[in-house]
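Peer 1: Encoded as structure tokens, here's the structure I'll be asking about.
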Amino acid sequence: MHAPNTWEERPPRTPSVLVSSFSLEVPVWLTSMFVHMAIILWLGTQWMPQVVKPKKHELQASIEPFEEEKKPVELKKQEFLIRPSELPNIGSVRTAGVEVDVSTALAVTETVELPRLPPQTKMITDIRVPLVQDLVSAPQKGPKIQIKGVAGDGATGTLGALDRITQEILLSLERGPTLVVWFFDQSGSMQIQRQTVRNRFDKIYQELGLSKSLDLKPGEPKPLLSSVVAFGKDITFRTERPTDDLEELKAAVDGIGNDDSGVEMTFTAIGAAAEKYQSFRFHTPRRRVMMVVFTDEVGEDENRLEDCVTVCKRNQMPVYVAGVPAPFGRPNIEIKYVDPDPNYDQSVQWIPVRQGPETFVPEQVMLNFSGKSDREDGIYRLDSGFGPYCLTRLCWETGGIFFAVHGNRERIGDYVTARETPVLQARLNHFFDPLVMKPYRPDYLPVQDYLKSITKNRAKSALVEASRQSILDPMQGPTLVFRKTGEDDASMKRAIDEAQKKAAFVEPRINALYAILKDGEKDREKLTEPRWRAGFDLAYGRVMAVKVRTEAYNAMLARAKGGMKLADPKTNVLTLVAVDEVTVNSQLDKMAKLARELLSRVAQEHRGTPWAMLAEAELKDPIGWQWKESYDPPPAPRPSSTAAPANNNNNNNNRPATFRRETPKPRRTNIKL
């Protein structure tokens with residue numbers, strides 16, 4: 001029989017035949033479906049853009065606009081792009097044309113939300129991280145992005161800082177209407193600076209293109225408003241409301257008087273202004289608000305720092321401070337003062353003023369060097385490279401800039417004498433390259449976070465505690481020359497006993513510092529920040545060197561008092577001479593070698609910094625002692641009282657009868673700057 005050729009000719013299948021046939025055809029159908037789906041999925045992936053997870057050292061950031069600015073984004077070529085090579089070198093201290101005021105510490109949280117691109121928008125592969133000037137004035141929405149400011153921008157004078165502030169105002173105006181609040185310290189030492197700023201207002205407004213009235217459309221907001229605030233013991237809003245009238249602005253500054261109380265409520269003034277003008281940030285028309293502060297001290301209300309940071313960050317108000325450089329590791333520094341009133345003494349006076357330290361608490365062990373000249377003592381008057389901690393942290397947290405203003409800031413690497421220090425400025429003898437100092441930025445953390453980071457590391461806590469207990473003159477001017485009077489050996493022993501009392505007074509304090517730092521040595525290798533590594537190694541090395549020098553001094557005195565054998569029996573003068581060799585015992589010699597090793601490491605690894613300068617100075621200071629014998633003939637007998645008077649060559653030193661001594665001018669006391 002032949003097989004049927006048509007469907008109609010096929011005999012009907014029984015159920016068992018149907019089941020058997022279906023079970024044989026299913027695997028083929030499924031296989032075909034899976035293969036086609038796999039091909040379709042593979043083709044789809046070829047058109048999807050790959051998402052690359054950024055590496056830790058790469059920085060990606062985005063800024064979401066405020067609700068009022070949420071419009072379709074047009075990507076325009078070179079819009080608001082400012083590159084470091086194109087910026088003018090205005091006002092700041094720079095090296096080889098490099099912009100030092102661009103923050104490299106732009107902090108971004110680990111979770112970064114990238115903006116969604118509109119359909120058919122090409123992917124941008126060449127992304128330039130914006131400068132801090134681009135970001136400081138930009139609106140910041142939400143906690144996802146945290147923009148930090150600049151910690152230490154060096155300026156040689158007030159005009160240099162004003163030039164940079166003018167540039168920041170211009171960048172803010174490019175993004176929208178702006179309110180600038182000008183704060184002026186009412187201290188007498190700020191009188192010249194206030195007048196300098198006031199006289200510069202015309203040039204500032206001219207550079208901003210606002211020196212003449214603008215043709216504004218009906219309802220269009222004025223681009224720039226200004227307000228003036230004066231602060232001392234009290235706070236005064238010099239302008240009743242923000243104004244664009246340049247003459248009113250200058251008159252407001254002219255009316256600021258001196259506050260002789262010596263009190264500056266800096267943070268209270270900034271916080272009060274932030275509260276007063278916060279409506280300008282969020283009410284139509286919305287304005288960017290910039291705080292610009294001129295002061296030469298830290299402020300007596302540092303306890304208001306956290307509140308001030310909170311209100312300025314909440315209202316997105318960057319703070320710019322034209323202040324003073326903080327002295328390295330110390331709170332106080334001397335200010336050169338010449339009385340402006342000619343009726344008073346016009347000689348130079350050095351008035352101590354608090355302008356530091358650059359950290360929340362001192363992180364520098366203060367020890368003098370033995371036998372240094374006045375010029376070498378200038379090694380303690382070092383510029384820290386940053387401003388006072390509280391003011392600088394306020395700028396850092398809010399996205400502003402701290403300008404450290406000093407007339408000698410460009411004298412990097414030079415020794416600046418007291419005579420070369422400008423009047424009403426700090427006596428700082430050494431300044432350092434801002435680019436070198438940048439990695440050594442202090443920890444600008446909230447107080448609780450700062451204290452927590454210290455307690456977690458023994459080396460940090462040891463350095464802070466040793467800095468708190470350190471002393472400036474550990475040797476107290478040691479006696480080095482001992483004479484024997486006539487044939488009496490007891491006279492030399494008495495002099496040695498007195499010298500040993502000085503060493504005995506100092507030794508326990510040095511040993512206490514050593515014990516603190518010795519305990520911190522356990523966590524030294526856990527330190528990652530250059531600042532903390534340099535600080536701990538320098539402190540530990542210097543304290544060990546002073547410990548060796550003090551104990552070796554005491555041991556040499558004990559040796560002489562115990563009957564040291566003299567090379568010359570005629571010796572009647574013993575002099576202690578500083579040498580590099582430690583001969584009293586092997587334990588002190590071993591400690592001396594370790595001290596030199598630590599100090600050499602600081603000098604090599606941290607070149608061009610205050611830590612390296614101090615380490616090099618300590619290495620030049622000999623660490624041991626040796627006795628030098630000499631013979632000093634007894635003095636010749638004095639002539640008797642009956643001897644003839646000496647001939648004065650008939651010189652008549654009597655003043656003429658008409659001579660009158662000039663009455664000295666009174667010297668002003670209790671000066672408060």
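Read-outs throughout are calculated quantities, based only on the coordinates presented, and are distinct from any laboratory measurement. Since this is a predicted model, take the numbers as computed values, not measurements. Here the Cβ is made from the backbone with ideal geometry for all residues, glycine too, and neighbour counts use every protein chain on show.
Peer 1: Find the centroid of the Cα atoms in the stretch 194-267 and in the stretch 538-562, then give the distance between the two in whole Å.
Peer 2: Here the two parts' Cα centres lie 60 Å apart.
Peer 1: State the answer as a single residue: which of GLN587, TRP532, LEU598 lies farthest towards the positive end of the charge dipole of the stretch 452-630, with beta carbon charges of +1 for Lys and Arg and -1 for Asp and Glu, about the Cα centre.
Peer 2: Farthest along the dipole direction, towards plus: TRP532.
Peer 1: Follow-up question, since we're still on this one. Assign unit charges at the C-beta atoms only (+1 for Lys and Arg, -1 for Asp and Glu), then state the dipole size of the stretch 534-625 relative to its Cα centre in Debye, rounded to the nearest 20.
Peer 2: I would put it at about 300 debye.
Peer 1: Explain nothing, just compute: Karplus ³J(HN,Hα) = 6.51 cos²θ - 1.76 cosθ + 1.60, θ = phi - 60°, for every residue of the stretch 239-256 in order, whole Hz, x for Gly and Pro.
Peer 2: Those phi angles translate into 10, 4, 8, x, 9, 10, 7, 5, 5, 5, 5, 5, 5, 5, 6, 4, x, 7 Hz.
Peer 1: Under the 0.36 nm per residue contour assumption, what length would be gained going from the current alpha-carbon distance of ARG468 and GLU220 to full extension?
Peer 2: 83.5 nm
Peer 1: Mind putting a number on the dipole of the stretch 244-323 about its Cα centre? Charges go on the C-beta only, +1 for Lys and Arg and -1 for Asp and Glu, and I need it in Debye to the nearest 20.
Peer 2: My answer is approximately 840 debye.
Peer 1: Using the charge dipole of the stretch 263-310 (Lys, Arg: +1 at Cβ; Asp, Glu: -1 at Cβ; taken about the Cα centre), state which of MET291, THR268, PHE280 has its Cα farthest towards the positive end.
Peer 2: PHE280
Peer 1: So which of LYS250/LYS313; LYS484/LYS570; LYS493/LYS570; LYS522/LYS593 end up more than 22 Å apart by C-alpha?
Peer 2: Where the Cα-Cα span goes over 22 Å, the pairs concerned are LYS250/LYS313.
Peer 1: Turning to a different aspect of this structure: Using only the alpha carbon atoms of the stretch 518-602, find the Kirkwood hydrodynamic radius as the inverse mean reciprocal pair distance, in angstroms to one decimal.
Peer 2: Result for the stretch 518-602, one decimal place: 15.1 Å.
Peer 1: Would you grab the residues whose amide H sits under 5 Å from the one on THR485? Only those 5+ places off in sequence or on another chain, please, with H modelled 1.01 Å from N.
Peer 2: SER491, MET492
Peer 1: Continuing with this model, one more query. Amide H to amide H under 5 Å from TRP625: which residues, 5+ apart in sequence or cross-chain, H placed 1.01 Å off N in plane?
Peer 2: Here VAL579, THR583 satisfy the definition.
Peer 1: Now a separate question. Sequence-distant or interchain residues sharing an amide H contact under 5 Å with VAL263, placed H: which?
Peer 2: LYS233
Peer 1: I would also like to ask the following. About the Cα centre of the stretch 452-630, what is the dipole size in debye to 20, counting +1 per Lys and Arg Cβ and -1 per Asp and Glu Cβ, all else neutral?
Peer 2: 500
Peer 1: While we're looking at this one, here's another question. Quick one: Karplus J couplings for the stretch 157-166, per residue in order, coefficients 6.51, -1.76, 1.60, θ = phi - 60°, nearest Hz, x for Gly and Pro?
Peer 2: Values, residue by residue: x, 4, 5, x, 5, 5, 4, 6, 5, 4 Hz.
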